[in-house]
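Structure first, then comments.
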Amino acid sequence: MIIGSKIKLREKKLADALNDYTWQTDAELAQLDAAPLLTTSFSQYLSTYASELRYPSSIGHRFAIETLDGRHIGNCGFYNIDEVKGEAELGIMIGNRSYWNKGYGTDAVTTLINYIYQQTDLKHIYLKTLDSNSRAQKCFQKCGFTLYGRLGKDGYSFVLMELHRKRLEERRPNV
Ligand SMILES: CC(C)(COP(=O)(O)OP(=O)(O)OC[C@H]1O[C@@H](n2cnc3c(N)ncnc32)[C@H](O)[C@@H]1OP(=O)(O)O)[C@@H](O)C(=O)NCCC(=O)NCCS
């Protein structure tokens, strides 16, 4: 369990499957995430979900985001870990709309970044988000991410943002 100011991050569990399925079959969330809308049945989804929990990927780590009183509101993680380059990609989604624009995303990203830089040797965290997603960009800026490029892919326009360990250490010398 990793504790932030407004949230805690914990390992994923089977009981998260229904929320995750609900969020992945939500057209607005899929659009904000530039992700395909999930069309499989819940029973098929659950079976794949259970096997992914049993055999987790070694190139990524996923966490559930919970409020401090234990409500599962979203997920975050880091993926595409490249130990040679010392970098990984960060992702986050707060699926429960009641928790948007209240600082939960900023606290989840800050908490995850602190964890990554304390517990791993990674030196560079990057992410991409839709050019049109101003809320996500504002959230990442508040966490210290800066814009380093743009990418067009599959008909979408993304901005690329990054946060180097060195920059975080300059912002918070105790990390
Ligand atoms: C993107 C996301 C993680 C941000 O988390 P959050 O808890 O909503 O964000 P926070 O409240 O921490 O910060 C958002 C900031 O953007 C601001 N904001 C909201 N809408 C905005 C807009 N249209 N333009 C500019 N700023 C905006 C908020 O006011 C807030 O800034 P403030 O704290 O200075 O007032 C979350 O909203 C989410 O998962 N959304 C749905 C899925 C999604 O967008 N996925 C893509 C992620 S890459």
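Check whether at least one residue in the range 8-30 is open to solvent by 90 Å² or more (accessible area, probe 1.4 Å), outside any loop (DSSP other than H, G, I, E, B) and touching a residue at least 60 places away in the same chain (Cβ under 8 Å), and report yes or no. No; the residues of the range 8-30 include none that is open to solvent by 90 Å² or more (accessible area, probe 1.4 Å), outside any loop (DSSP other than H, G, I, E, B) and touching a residue at least 60 places away in the same chain (Cβ under 8 Å). Highlighted here are the helices (runs of 4 or more DSSP H) found entirely within the range 82-175 that include at least 2 residues which are open to solvent by 30 Å² or more (accessible area, probe 1.4 Å) and more than 16 Å from the ligand (Cβ to nearest atom): 104-119, 165-171. In the set (1) within 13 Å of the ligand (Cβ to nearest atom); (2) in a loop (DSSP other than H, G, I, E, B), the condition left unmet by G70 is number (1). When residues in the range 31-42 are screened for being in contact (Cβ under 8 Å) with a residue 12 or more places away in the chain, within 13 Å of the ligand (Cβ to nearest atom) and either open to solvent by 40 Å² or more (accessible area, probe 1.4 Å) or touching a Lys or Arg at 6+ places or on another chain (Cβ under 8 Å) (or both), 2 of them pass. Right, A64: of a type in the set (A, V, I, L, M), part of a loop (DSSP other than H, G, I, E, B) and open to solvent by less than 70 Å² (accessible area, probe 1.4 Å) or not? In short, no.
The values are calculated or read from the model by the stated rules, or taken from the named source; none is laboratory data. Values in this document were obtained by computation on a predicted structure and should not be read as measured data. Cβ sites come from the backbone with ideal geometry, for glycine too, and all protein chains shown count toward neighbours. Quick note on the areas: whole protein, heavy atoms, side chains included, nothing else; ligands and nucleic acids left out. Shrake-Rupley method; radii C 1.70, N 1.55, O 1.52, S 1.80 Å.
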